[in-house]
Amino acid sequence: MIAIIDYGIGNLKSVHNAVRYIAPKMPSEVSSDPDFIKNADKVIFPGQGAMPDCIKELDKRGLRDVVIESAKKKPFLGICLGLQLLFEKSEEGDVEGFGIFEGKIKKFQPSKQERIKIPHMGWNNVQQSKNHPMWKNIKSGSSFYFVHSFYASDVKKEHVTGTTNHGEEFTCAIAKENIFAVQFHPEKSSELGLQLLDNFISWKI
């Protein structure tokens, strides 16, 4: 069973549709029930919107502890804000994250050398930093779809599995033990996004 965490914010329907398209026989459900999420075999934590609002909604639904517990124990895929929340702190609202990964979330800043659009929106190439089962059948340099204004910085090198350039190189994929998280949206990234989700479904830790 795959649990897709519902905290009232995020593009949950498209993630769920992608999972059902890839694995129609694999039970999956969008849920805000802590017990259901706790008992699921795998967890997907999609996210979009503002980090302070996300944390507020997680606490309102009593989901913070079960999300952190899931991220420590079972195959866990974080998407966009689902990656950012795994870090220690964010400039967005000056809030604390879950602290599962060392590092902080910063906002893109335009530089004098290169004008960049904020938010970073659209297709961009992802360079793979190391081999990982989640990159199976996906070539380094492949394009994925991004929509975000904040990014992970000061990430430990051992946890970086993918980078992208938007004015400067930034971490867009991280991994540690049972966790894999990406800043881009696989559910919006055509065939390669579906491949990444398929890799997660078959991922054994």
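Restricting attention to region 85-126, the residues that are open to solvent by 60 Å² or more (accessible area, probe 1.4 Å) and closer than 19 Å to residue 66 by Cα add up to 2. Could you list, in sequence order, all residues of region 72-108 that are of a type outside the set (Asp, Glu) and either on the phi > 0 side of the Ramachandran plot or free of Cβ contacts under 8 Å to residues at least 24 places away in the same chain (or both)? The answer is 80, 89, 93, 99, 103.
Anything in region 164-189 that is closer than 16 Å to residue 140 by Cα, touching a residue at least 40 places away in the same chain (Cβ under 8 Å) and surrounded by fewer than 17 Cβ atoms within 10 Å (Cβ to Cβ)? List them, or say none. Within region 164-189, just 165 meets the criteria.
Scanning region 27-41 turns up no residue that is under 22 Å from residue 184 (Cβ atoms), open to solvent by less than 10 Å² (accessible area, probe 1.4 Å) and touching a strand residue (DSSP E or B) at 6+ places or on another chain (Cβ under 8 Å). Annotation: of all residues in region 45-66 being acidic (Asp, Glu) and more than 12 Å from residue 34 (Cα to Cα), the one that is least open to solvent (accessible area, probe 1.4 Å) is 57. The single condition among (1) assigned to a helix (DSSP H, G or I); (2) more than 17 Å from the chain's Cα centre (by Cα); (3) closer than 25 Å to residue 192 by Cβ that residue 35 does not meet is (3).
The values are calculated or read from the model by the stated rules, or taken from the named source; none is laboratory data. Since we're looking at a predicted model, the values are computed, not measured. Because the Cβ atoms are built from the backbone with ideal geometry, glycine has one as well, and the counts that use them run over all protein chains shown. Just the protein is used for accessible areas: all its heavy atoms, side chains included, with ligands, DNA and RNA removed. Shrake-Rupley method; radii C 1.70, N 1.55, O 1.52, S 1.80 Å.
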